[in-house]
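Below is one structure, written out as structure tokens, with a few remarks after it.
The values are calculated or read from the model by the stated rules, or taken from the named source; none is laboratory data. What you see is a predicted model, and the numbers here were worked out from it, not measured in a lab. Positions of Cβ are generated from backbone atoms using ideal geometry, with glycine treated the same way; all protein chains shown enter the neighbour counts. Surface accessibility is based on the protein's heavy atoms, side chains included, excluding ligands, DNA and RNA. Shrake-Rupley method; radii C 1.70, N 1.55, O 1.52, S 1.80 Å.
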Amino acid sequence: MPGAQMRLWTIFRNYRIIALAIFAAVLLAANSAPLVYLEQASYDLAMRLSAARRPGDQLLLVTIDDADIAQLGPWPWDGGTLVQGLRELDRAGAEEVVYLARDKSVASQESLGWIRQLTQLESSQLGAQAREILTRASRKLNRHRLLADLFSRMSNVSLSLYVQDETGQEAAQTDLDVLEPHKLSAIAEPDRELLLPYEFDLGSLIPLRELLGSRLPGIGRSHRLAQFNPGLAASANALGVHDPGDGRFVPLIVSVEGRPVPSISLLVAARSLGLKLASIAVYPNDKVLLGDISIPVTGTAALPFFYGGVDRFQSVSFRQVLNRDLGDRVRGKTVLVGTVANGVTTTSHSPVNDAMPEMLVIANSVAAILNDDLYHVPKWASPLRIVLIIILGLFVYFLPRIGWRLGAGLSLAFAVILVNLEILALVSQGTWLQLMVPTAALLAAQTYLLMRRVSTSWIGGNHQELSETYRKLGQAYQSQGQYDLALECFRKCEANQALVENIFNLALDFERKRQFGKAIAVYKRIKQIKPDFEDIDNRIERMNALANRVVLSGTATSTLETMALNTSEISKPMLGRYEIQEELGRGAMGIVYLGRDPKINRTVAIKTLALAQEFEGEELEEVKQHFYREAETAGRLSHPNIVTIYDVGDDQELAYIAMDYLSGENLQKASKRPNLFPWQEVFEIIIKVAEAIDYAHCNHVVHRDIKPANIIYDKSKNTVKVTDFGVAHVMGTHKTKTGTILGSPSYMSPEQVQGKKVDGRADIWSLGVTLYQMLSGVLPFRGQPLATLMYQIANDKHEDISVNMPGLPKCVTAIINKSLQKDPAKRYQSGTGMAGALKLCLQKSSEQD
């Protein structure tokens with residue numbers, strides 16, 4: 001590459017030059033739609049934030065609305081209806097009548113032409129009566145003639161003419177002669193001294209090409225009139241022109257085929273003040289003098305305050321005028337007559353309404369002029385922006401030297417200050433500084449520098465810093481137990497000693513979770529980084545062996561896999577946040593482990609439920625949610641004879657409940673001969689159980705699986721604890737994959753085996769069965785197979801306890817018989833009732849002894 005080209009390439013690669021180029025490009029694109037919209041949006045926001053104002057009582061609006069159209073017929077109406085309404089306004093004492101209604105339709109004119117052709121037929125071809133009817137129709141349909149006749153008789157009518165773009169048909173020169181009496185003459189030369197080479201303050205109203213040609217809004221921009229009736233225009237007392245344009249800028253002087261004509265807004269304001277055209281002096285790009293009122297202008301356009309819709313003005317509908325329902329509202333007022341009905345009127349954008357009927361645009365403009373509620377772009381705004389652009393340009397150039405964090409903060413601070421300054425100036429002073437484009441240019445340059453900073457961090461050697469960030473993020477995920485996310489973060493880190501230590505600990509966590517495949521993957525990564533770390537090869541070999549022995553979570557098996565592995569070669573497995581120490585026992589629904597909470601060093605018993613082996617899909621999620629609700633309810637129980645629940649959760653498709661670890665054993669062994677306790681001791685145990693389930697019933701919790709295996713008894717401490725509240729309910733209310741019954745059918749009440757709704761009295765039955773078994777060593781119902789057992793429970797009377805255990809007091813038999821009544825209403829109705837009977841029986845037997 002030649003030297004000159006190399007230097008040029010070096011210059012354009014300089015990110016400072018690129019930032020300045022972006023800054024300049026945004027400034028040069030000031031007239032693009034997004035930036036124009038941004039500037040206009042700030043103007044609109046400021047107007048909406050301004051304090052509410054009233055337009056005053058100088059104006060009265062006569063609106064032709066949807067209800068008028070519905071009642072009086074489609075627009076345009078015939079001349080008779082319009083003349084009648086305008087005549088009523090004149091009679092009611094209107095000071096000035098301004099006719100703004102636009103006639104877009106030519107249908108009535110075509111009809112009028114046909115009627116005239118018919119009336120020109122000879123009398124022999126057209127009857128006298130028909131000719132008379134046609135003559136009357138012609139007279140009524142000729143709106144323009146009827147209105148012209150009325151205007152010529154009134155001395156207070158102003159008429160609005162409308163301009164169209166340059167694609168419209170050019171009006172004949174003779175038609176425009178009606179404008180000659182309404183031209184303005186007192187127009188000074190435009191003040192061009194403050195015009196700078198580049199201006200962006202006028203938005204879409206002054207395109208850049210026009211500014212470079214030294215043309216101001218309303219100066220040198222010639223318009224053509226839309227279709228109008230010269231006769232009607234000639235009959236009006238005053239003529240004004242409406243240029244819809246942008247509703248923010250309302251031209252006060254409109255050039256029509258080279259004739260400077262006042263806008264309808266300026267004309268109506270002047271006539272409301274009793275001024276003539278000769279009293280209007282125009283100083284382009286400075287002001288328009290209207291008597292004692294000085295109207296600030298940009299070019300020849302004003303920036304009026306917008307008060308709002310029809311409801312902000314004094315108004316009546318046209319049908320009210322026809323019905324003479326006016327009172328004194330019209331007298332002495334300037335009355336604006338125009339359309340606001342949907343589909344009839346032309347709309348323009350305004351700061352308070354994106355589609356404001358042009359009649360309301362004119363009304364707001366007139367009221368703003370009369371009330372001096374005008375915004376302005378001061379002459380010093382352009383020099384201020386030039387100075388601001390220079391300052392911001394220098395700031396952009398030196399941004400990289402002050403650090404990206406400080407630079408971004410200062411850029412944001414500048415942006416906030418400039419935005420607030422613009423809005424505050426508009427709201428409090430009515431001054432439009434137009435600072436949005438410099439603000440956008442600054443933010444665009446700052447955005448580029450930030451993006452370059454991010455890309456440089458990856459490409460330019462800052463990967464180590466990003467790697468450290470990922471390492472710390474991985475540690476955070478690991479501490480939260482989100483090991484998969486931690487592994488993803490560690491994979492993005494540089495391979496170094498610190499990473500080896502982190503991922504080794506992560507591999508140990510995977511071991512504890514019995515996720516041996518992931519542990520193997522991590523160990524292999526460690527071997528790639530540091531082959532001699534620890535005894536990495538032996539660990540990989542042990543993990544492969546264990547992975548072949550243990551079925552991991554997510555695989556349905558017919559048997560329960562234990563988490564307590566009989567090996568010291570790996571770390572203790574984890575379930576949730578608990579470290580599994582050993583297996584304590586197992587049942588049909590899961591395994592119970594001895595665990596430890598390492599955070600607070602508390603020993604707990606953890607009961608697991610292998611829900612994924614019995615349920616799947618949506619039903620599995622439903623069972624889990626049911627399980628959590630039941631465990632949460634049971635966890636709120638606080639009773640000395642109920643096991644305390646600390647935590648509930650699921651991990652590796654195992655739902656678990658962490659509860660208080662109790663010394664002692666369950667009563668399953670003590671319910672069989674020859675291990676039976678004395679009947680008095682059994683009574684003491686059952687009394688405590690009855691009181692515990694009564695407390696649970698009072699808290700709307702039913703156990704549903706009372707049996708010896710769910711009662712923990714520590715004989716040395718004489719403590720009794722009931723476990724597994726709610727678990728049987730979760731499993732019993734859902735069908736399993738195999739269709740088997742999970743739980744203890746021998747202890748189920750008749751209503752349970754029949755699938756009926758159960759309450760606390762079902763626990764009374766189960767406690768009666770438990771009492772029977774602990775006294776005699778056998779169950780009251782022992783049928784085989786399961787269907788026979790369930791039939792016996794539902795229909796057969798139990799065998800008398802005295803048959804299996806003679807010598808018991810008679811009160812014992814009575815208690816058991818009442819507890820095992822088929823009808824729940826005949827059993828004890830509460831645990832307290834049963835406990836009371838047991839205590840009474842124990843007391844009587846003690847007295848007899």
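Does residue 722 count as under 30 Å from residue 625 (Cα atoms), buried (at least 16 other Cβ atoms within 10 Å of the Cβ) and at pLDDT 90 or above? So residue 722 passes the test. Per the listing 707, 715, the residue uniquely open to solvent by 30 Å² or more (accessible area, probe 1.4 Å), at pLDDT below 95 and in contact with a Phe, Trp or Tyr (Cβ under 6 Å, 6 or more places away or on another chain) is 707. Inspect region 561-571 for any residue being in a loop (DSSP other than H, G, I, E, B) and modelled with pLDDT of 80 or more and give the result as yes or no. Checked against the condition, which is being in a loop (DSSP other than H, G, I, E, B) and modelled with pLDDT of 80 or more, region 561-571 yields no hits at all.
Evaluation of residue 654 against the conditions (1) under 24 Å from residue 759 (Cβ atoms); (2) buried (at least 18 other Cβ atoms within 10 Å of the Cβ); (3) not basic (Lys, Arg) shows that the sole unmet condition is (1).
Every residue in region 264-283 that is part of a helix (DSSP H, G or I) and of a type in the set (A, V, I, L, M, F, W, C), please. Result: 264, 266, 267, 268, 269, 270, 277, 278. Can you find even one residue in region 430-452 that is over 30 Å from residue 386 (Cβ atoms), open to solvent by 50 Å² or more (accessible area, probe 1.4 Å), outside any loop (DSSP other than H, G, I, E, B) and basic (Lys, Arg)? Checking region 430-452: not a single residue is over 30 Å from residue 386 (Cβ atoms), open to solvent by 50 Å² or more (accessible area, probe 1.4 Å), outside any loop (DSSP other than H, G, I, E, B) and basic (Lys, Arg). Of everything listed in (1) open to solvent by less than 50 Å² (accessible area, probe 1.4 Å); (2) more than 17 Å from residue 55 (Cα to Cα); (3) more than 50 Å from the chain's Cα centre (by Cα), the single unmet condition for residue 340 is (3).
Looking at this structure, is residue 354 free of Cβ contacts under 8 Å to residues at least 24 places away in the same chain, more than 30 Å from residue 90 (Cα to Cα) and among the acidic types (Asp, Glu)? Yes.
Is there a residue being in a helix (DSSP H, G or I), in contact with a Lys or Arg (Cβ under 8 Å, 6 or more places away or on another chain) and hydrophobic (A, V, I, L, M, F, W, C) anywhere in region 615-622? No, region 615-622 contains no residue that is in a helix (DSSP H, G or I), in contact with a Lys or Arg (Cβ under 8 Å, 6 or more places away or on another chain) and hydrophobic (A, V, I, L, M, F, W, C).
Checking every residue in region 245-263 against the condition of being under 17 Å from residue 102 (Cβ atoms), open to solvent by less than 20 Å² (accessible area, probe 1.4 Å), part of a helix (DSSP H, G or I) and hydroxyl-bearing (Ser, Thr, Tyr) gives zero matches.
Check region 756-771 and report whether any residue there is part of a helix (DSSP H, G or I), of a type in the set (Ser, Thr, Tyr) and modelled with pLDDT under 90. Checking region 756-771: not a single residue is part of a helix (DSSP H, G or I), of a type in the set (Ser, Thr, Tyr) and modelled with pLDDT under 90. Count of region 36-50 residues, restricted to those that are surrounded by fewer than 16 Cβ atoms within 10 Å (Cβ to Cβ) and small (Gly, Ala, Ser), is 1. Starting from region 473-498, take each residue that is closer than 19 Å to residue 575 by Cα and assigned to a helix (DSSP H, G or I) and list its partners that are of a type in the set (Phe, Trp, Tyr) and open to solvent by 40 Å² or more (accessible area, probe 1.4 Å), counting only C-beta distances under 7 angstrom and pairs at least six apart or across chains. Note: pairs meeting the criteria are 485/477; 486/477. The criterion of at least 2 residues that are over 14 Å from residue 767 (Cα atoms) and open to solvent by 80 Å² or more (accessible area, probe 1.4 Å) is met by the following helices (runs of 4 or more DSSP H) wholly inside region 788-849: 831-848.
Residues of region 344-385 that are of a type in the set (Val, Ile, Thr) and at pLDDT below 90: 344, 345, 346, 347, 352, 377. Within the option set 277, 289, 273, being open to solvent by 20 Å² or more (accessible area, probe 1.4 Å), without any contact (Cβ under 8 Å) to a residue 24 or more places away in the chain and hydrophobic (A, V, I, L, M, F, W, C) holds for one residue only, 289. Where helices (runs of 4 or more DSSP H) fall entirely within region 354-428, those with at least 3 residues that are out of contact with any Lys or Arg (no Cβ under 9 Å at 6 or more places or on another chain) and either basic (Lys, Arg) or open to solvent by 10 Å² or more (accessible area, probe 1.4 Å) (or both) are at 381-398, 404-424.
Of the residues making up region 748-765, those that are among the charged types (D, E, K, R) and open to solvent by 10 Å² or more (accessible area, probe 1.4 Å) are 751, 756, 757, 759, 761. Scanning region 509-535 for residues that are open to solvent by less than 30 Å² (accessible area, probe 1.4 Å) and part of a helix (DSSP H, G or I) yields a count of 9.
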